[in-house]
Amino acid sequence: MKTIFLTTALLASTSVGLQMTNKEKNEILEELNKWKQSEAGKAALVHNLLPPSQRQEGLSINEKLDLEVTRFAHTKKVVEKLNKEHKGSAVFSTNNMFALMSDEEYSKWVKGAFGRDQKKRLLRGENIQLELTSEQRQAGGVDWTSNKCMPPIKNQGQCGSCWTFASVGAAEMAHCLVTGKLLDLAEQQLVDCASDAGQGCQGGWPTKALEYITRNGVCTSRDYPYTASDGQCNNSCQKTKLSIGQPVDIQGESALQSALNKQPVSVVVEAGNDVWRNYQSGIVEQCPGAQSDHAVIAVGYGSDGGDFFKIRNSWGTQWGEQGYMRLRRGVGGKGMCNIAEGPSYPTMSGKPNPDGPTDQPSSDPTDEPSNGPTDEPNDDPSDEPTDFPSDEPSDDPIDTRSAQDTEDLKAQLADWKQSHAGKLAAANGFLPTNTESGNLEDGQVNDELERFAATKKIVDDLNKQHPGAVFTTDNQFALMTEVEFAAYVKGAFKHDAPKRQLRSDNIQLQLTSEQQEAGDVDWSSNKCMSPVRNQGQCGSCWAFAAVGAVEAAHCLVTGQLQDFSEQQLVSCASSAGYGCQGGWPNKALDFIAQTGLCTESSLPYTSGNSGQNGQCTNCSKTKVSVGKSVDAQGESALQSAITKQPVTVT
């Protein structure tokens, strides 16, 4: 049996190479492709947690794939070891956004949150309570995650800003417990402005951040959105003065549990290790015992399945137990993973609301602005437009919408802009041209809101019309008008292609009875299926369809999945299309069979950002194992073809 040896030069985190048979490598490759399509894989892509480009310079497409396979295989071995060590008390998995990071890269990413040592504070004696008392060990559980003052889980991305999420989250919850108002406050303000509490994406200290919040107030995240990067401090947004006082520093598991009876508490932990990296569920029984390098929020304790403290992380909902983790309680000392080493929490300026917080911010008059979003959009009827927005901004609909509906819509639009879909829209040039600069006048804001409102209305209508399908605004086209979207899509078929004369046996319209009863075929789980790509603002769908079909067919023949260049067709295949102005997949397939294809690494795709065809460039071409294209027509002919290979369709 042939054995493949993947070298340690491709994986900085291991001291020995990984030996795999062809069968084992293919199994890993199949798992890797599924991971890439999962929420964890997509989060890794969005937050730049894939192997850095400098490690891949000079590597061929197969060598890059070997790098990914080696890293994924290493993560799998680590996960297997952790599951054996924890014996069912906790579960570890590769289903996280760090699966392709080396140990060195992951540790550097986590430890960026604690770039410099903070001067230790002297604690009052009553704030140091190390060992749990017998009463505390027998106490019932506390879980703040089911409280109305618990905001949604967030993701800090590639920025070492955990200290801002831990402090802002603790402040939001404390303020809500006093006032009944759950606000969505700006971590980015602390990243950019709180220089006395930290160094932005290079780390900081939750206690000093709480002092900054108490002293200065905080803007809403809608007015100061999170960018996961260091930026210039913006003092123009309106800051809310919170109902909190100076922070209290404590130490020990007993002190932490007592504080959790009153409110959530920010804590520092050691997270730059395999346990945190690969955690999925259950109660963590052991940590390596290193110094603290991450800040989170303790949100409760309990005894279901064993005694534990529950923490809230800032790594998104795809990590852990929907963004949460449980650590063994009652171990003494600094606590499991240092959770009891340095807790801190803001004092509450006033008595907690006796009726508990409401689901929505109060609309009653108040001395402080209430900019917090509601938990759910308002479904009451409004005067929203019923059609796609026009190319010109509307003059009146926004004025007829209720003030609360407008605020809800603004919040949803702001969330969309910070989502993966919104970032793709910005990257691919799909935002209204007058809003791309970010400096919006009132009329331009209205234009965005009306476009988003119209898309929401269309989505609602489509979901009613299609009970078996789901439609959403969570896409990169949510701020495009009907005309703009149609022009973008139809650019791919601007010119009519001459019709080919089809052989009669290639025209099979109706499904046969055997086909209607046949089992499923799904090529997306096959090792020959390349990752999903994005054509950007170029009308090059014809090139992506043709190249994707060829990659799959070539792989089915040779067993080698290669990453070929769509840009070659956009820039060079004048016999098959007009670059970003459209083309024909069948003629592109003929071009490929005749000339061969360059690899993506030798001729990378650039038209997605520029919208331009680019100059035709010479590069070394691979003669792919495909012949001339076959044209077919009808559902029966399509299903027959799909049983053999993926098929381009228009």
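Quick rundown of the values:
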| item | result |
| --- | --- |
| Members of the stretch 557-611 that are assigned to a loop (DSSP other than H, G, I, E, B), touching a Leu at 6+ places or on another chain (Cβ under 9 Å) and polar (S, T, N, Q) | Q562, S565, S601 |
| Residue count, the stretch 142-187 (criterion: over 18 Å from the mean Cα position of the chain (by Cα), surrounded by 24 or more Cβ atoms within 10 Å (Cβ to Cβ) and acidic (D, E)) | 1 |
| Candidate set from the stretch 148-174 (those that are at pLDDT 95 or above and among the polar types (S, T, N, Q)); member that is nearest to L242 (Cα to Cα) | S167 |
| Near pairs, Cβ below 8 angstrom, 6+ apart or cross-chain, from the stretch 303-323 (free of Cβ contacts under 8 Å to residues at least 60 places away in the same chain and within 15 Å of V284 (Cα to Cα)) to any residue that is basic (K, R) and assigned to a loop (DSSP other than H, G, I, E, B) | F308/R329; F309/R329 |
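The values are calculated or read from the model by the stated rules, or taken from the named source; none is laboratory data. Only a predicted model underlies this, so the values are computations on that prediction, with no experimental measurement involved. Positions of Cβ are generated from backbone atoms using ideal geometry, with glycine treated the same way; all protein chains shown enter the neighbour counts.
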